[in-house]
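Reading through the structure tokens given below for one structure.
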Amino acid sequence: MTRAFYKGGRGALVVGDLAAVNMLGPVADWKADLDKKACSPHREPLPAVLLANKVDLPDVQLDAEGLNDFAQLHRFTRWFDTSAKTGYHLTEALEALCVSILDLECQATDRDTSTVESDDENEGTVDPSAPSGSELSMDSKGCGC
């Protein structure tokens, strides 16, 4: 995908098909692409929730421990077993993504507020040592924006 696909995004749902032979390969590719090409306005990786879909199918087996490890390794905010057909866990997944987005925005606002100096002569001036939003390089969090 091009960067334009992710432009303006605040979070992502990455959907994997539990009925597929190898669900995790494509999911890892999507997450790597997301981390490489998208970040929040505050240069943080976008919150991403993994949806392990088609849990409603009778032959689908869920490896919760494996998904926990995978989600942690690939820096997903959370993961949910879901069914697009029945709606199982979709509301919870969307709520979790929204909470993650709001938490990120609040943390960034707190950091931005702490970079503003406040004294009588220079009230409201920005600390010049604070990072600017125009610096585009890979940071320690893995955000390439």
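Here are a few things to note about the model shown:
- Residues of the range 8-48 that are of a type in the set (Lys, Arg) and either part of a helix (DSSP H, G or I) or at pLDDT below 90 (or both): 31, 36, 37, 43.
- Residue within the range 57-72 that is touching a strand residue (DSSP E or B) at 6+ places or on another chain (Cβ under 6 Å) and open to solvent by 20 Å² or more (accessible area, probe 1.4 Å) present: yes
- Summed over the range 73-104, residues that are more than 12 Å from the chain's Cα centre (by Cα), charged (D, E, K, R) and open to solvent by 70 Å² or more (accessible area, probe 1.4 Å) total 3.
- In the range 1-41, the residues that are basic (Lys, Arg) and farther than 18 Å from residue 69 by Cα: 3, 7, 10, 36, 37
- Test set (1) closer than 15 Å to residue 11 by Cβ; (2) at pLDDT 95 or above - residue 103 fails condition number: (2)
The values are calculated or read from the model by the stated rules, or taken from the named source; none is laboratory data. Every value quoted in this text rests on a predicted model; they were computed, and no experiment measured them. Methodologically, a virtual Cβ is constructed for each residue, glycine included, from the backbone with ideal geometry; neighbour enumeration extends over all protein chains shown. The protein model used for the area step is the full one, side chains on, heavy atoms only, and it has no ligands, DNA or RNA in it. Shrake-Rupley method; radii C 1.70, N 1.55, O 1.52, S 1.80 Å.
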